[in-house]
1. Per residue of the range 63-69, what does 6.51 cos²θ - 1.76 cosθ + 1.60 with θ = phi - 60° give for ³J(HN,Hα)? Whole Hz please, x for Gly and Pro, Karplus curve as stated.
2. Can you figure out the FRET efficiency of Q68 with N24, using R₀ = 22 Å and their beta-carbon distance, to the nearest 0.05?
Amino acid sequence: MIMATEIAQNTLNLTPDFTVDACNQPCPMPILMLKRLIKTIEKNKISTESGKIKQLILIKATDPNSQQDLAHFCQIQQLKIVQQMIVDDEFHYYIEK
C-alpha cells in the first residue's frame, strides 16, 4: 500500500474513467457499489472518450476491511488492481476492468 507521503514518487498518473465513492460505507458496500457499476457499464456498453477497451475505476473507501475484500473480489472477477494507496485516511484502489 502506498502511503500519502510516497505518492509523489510512486504515482502512475492514472486518470479513472469512473469513480465509486464508498467512503463511510462499511464492507461489503464498496464491493456492492463496484459490482453495480460494472453491471451498469456492461449493460449500457459504456465506452470512454478515448475508445479504449479496458476501463479504469477508482474506488474510494474508508473501511480498512476493504483492502482484503476488494482484493479477493477482484481476484474472483478477474479484475486487476493497478494501484492502491492511502490518501487522507481513505483507501484508493485503481481497478482495471
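FYI, it's all coordinate maths here, none of it is from the lab. Quick caveat: nothing in here was measured; it's all calculated off a predicted structure. No Cβ is skipped: glycine too gets one built from the backbone with ideal geometry, and neighbour counts run over all protein chains shown.
1. Per-residue couplings from phi come out as 6, x, 5, 4, 4, 6, 5 Hz.
2. Approximately 0.75, to the nearest 0.05.
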